[in-house]
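Undergrad: Before I ask anything, let me first share the structure, which is written out below as structure tokens.
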Amino acid sequence: MNRIQKYLRLAKPESYGTFFDFLVGYLIVLPVSAYVGHLGTLLLIFVSFTVLVYPGIYIINDLIDLPRDRQHPVKKYRPIASGEIKRSVALLAATAFLLLGFVLGFLISPTVLLFEILFVVINLLYSSLLKHIPYVDLFASTMTHPLRTIFAICVFGCIGVQYWTVLVSIACMWLVFNTLKRHKELTEVGTSLRASLRGYSKRSLIYITISCCLILLMLFFWCDSLILLLVVGVASAFSLVLLLGYTKGRGRIEKILHYMLNN
């Protein structure tokens, strides 16, 4: 049981919630009457992309960041950084995850496979280069979320300018999350363990967060359907709760944020 738990931690199942971005694309591009008919494909993509491909990406990222993670007060307890799982075993697991995900993705649709490869390339570029550049790393890590929505739209329909409201709301919501995550890391860890943090200022990070919340509130004026209204509403509520909960730091919200911002 302990070994199973180690590998589950390695795969980061808590990140499965990011499939929400893909689900949004699924909901907005299809008519309601087609939801049930495409549910099987949706579940297969969830397994291929979220359960298989992305854990492989996370493991590779952990291997690349291993020297820094071993010095980090929180990340040093991760399975690879702590030595619970050997690097060779982790690399083998990452390869298996990616290959299985790619095979299943190809069987679903060549479009699915192409997007999965694109996400692997983007994440490798981020881990090896972009994450070391202040603010570039912030926006680069954020853009993979609306890209998930574009992924779903391209699989189940056709991308078009009419989806800009959804894509902006998804981007703003995750930019709030990533910005507060940088703010928390800058506050608790400082710049000694991550050189790119030296290019940030706490004030600018809070300004970015507030700006995103204001943009989300203005997007309500462009909602012309119930689904759009729900998406923008959820994104706005999530961002505002995150901002207020982080700045006030009280009660249950503080505990939730502490968990989310440290993973």
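Undergrad: Residue by residue through segment 206-224, note down the ones that are farther than 14 Å from VAL241 by Cβ and hydroxyl-bearing (Ser, Thr, Tyr).
TA: TYR207, SER211
Undergrad: Please identify the pairs in which a residue from segment 142-160 that is over 12 Å from GLY25 (Cβ atoms) has its Cβ atom under 9 Å from the Cβ atom of a residue that is of a type in the set (Asp, Glu), counting only partners at least 6 apart or on another chain.
TA: THR144/ASP21
Undergrad: Also: Looking for whichever is assigned by TED's automatic domain parsing to the domain that holds PHE221, of a type outside the set (Gly, Ala, Ser), buried (at least 19 other Cβ atoms within 10 Å of the Cβ) and closer than 24 Å to ALA34 by Cβ here; the options are THR179, THR165, THR149. Which one fits?
TA: Values: THR179 fails: closer than 24 Å to ALA34 by Cβ; THR149 fails: assigned by TED's automatic domain parsing to the domain that holds PHE221.
Exactly one residue qualifies, and that residue is THR165.
Undergrad: Please verify whether segment 10-32 includes one or more residues that are buried (at least 16 other Cβ atoms within 10 Å of the Cβ), touching a residue at least 40 places away in the same chain (Cβ under 8 Å), in contact with a helix residue (DSSP H, G or I) (Cβ under 6 Å, 6 or more places away or on another chain) and among the acidic types (Asp, Glu).
TA: Looking through segment 10-32, at least one residue is buried (at least 16 other Cβ atoms within 10 Å of the Cβ), touching a residue at least 40 places away in the same chain (Cβ under 8 Å), in contact with a helix residue (DSSP H, G or I) (Cβ under 6 Å, 6 or more places away or on another chain) and among the acidic types (Asp, Glu).
Let's see how each residue does on (1) more than 19 Å from the chain's Cα centre (by Cα); (2) in the same structural domain as LEU27 (by TED's automatic domain parsing); (3) modelled with pLDDT of 90 or more; (4) not hydroxyl-bearing (Ser, Thr, Tyr):
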position: GLY190; (1), (2), (3), (4): yes, no, no, yes
position: SER211; (1), (2), (3), (4): yes, no, yes, no
position: ALA235; (1), (2), (3), (4): no, no, yes, yes
position: MET260; (1), (2), (3), (4): no, no, no, yes
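Undergrad: On to the next question. Out of segment 241-258, which residues are modelled with pLDDT of 80 or more and surrounded by 15 or more Cβ atoms within 10 Å (Cβ to Cβ)?
TA: Once the filter is applied, which keeps residues that are modelled with pLDDT of 80 or more and surrounded by 15 or more Cβ atoms within 10 Å (Cβ to Cβ), segment 241-258 yields LEU242, LEU243.
Undergrad: Let me ask something else. Which of the residues that make up segment 33-59 are closer than 29 Å to LYS76 by Cα and loosely packed, with under 15 Cβ neighbours inside 10 Å?
TA: If the condition is that a residue be closer than 29 Å to LYS76 by Cα and loosely packed, with under 15 Cβ neighbours inside 10 Å, then no residue fits.
Undergrad: Tell me, which helices (runs of 4 or more DSSP H) lie completely within segment 66-138 with 2 or more residues that are touching an Asp or Glu at 6+ places or on another chain (Cβ under 7 Å) and crowded, with 19+ Cβ neighbours inside 10 Å?
TA: Values: elements: 66-69, 87-108, 110-128.
Filter on segment 66-138 gives 87-108.
Undergrad: Among what's in segment 33-47 and is farther than 14 Å from ILE153 by Cβ and among the small types (Gly, Ala, Ser), pick the residue that is farthest from the chain's Cα centre (by Cα).
TA: Checked segment 33-47; the qualifying residue farthest from the chain's Cα centre (by Cα) is SER33.
Undergrad: Here are some conditions: (1) within 30 Å of HIS72 (Cβ to Cβ); (2) at pLDDT below 90; (3) in a helix (DSSP H, G or I). LEU228 meets all but one. Which one does it not meet?
TA: For LEU228, the failing item is (1).
The values are calculated or read from the model by the stated rules, or taken from the named source; none is laboratory data. Just so it is clear, the model here is predicted, and its values are computed rather than measured. Positions of Cβ are backbone-derived with ideal geometry, glycine not excepted, and every protein chain shown enters the neighbour counts.
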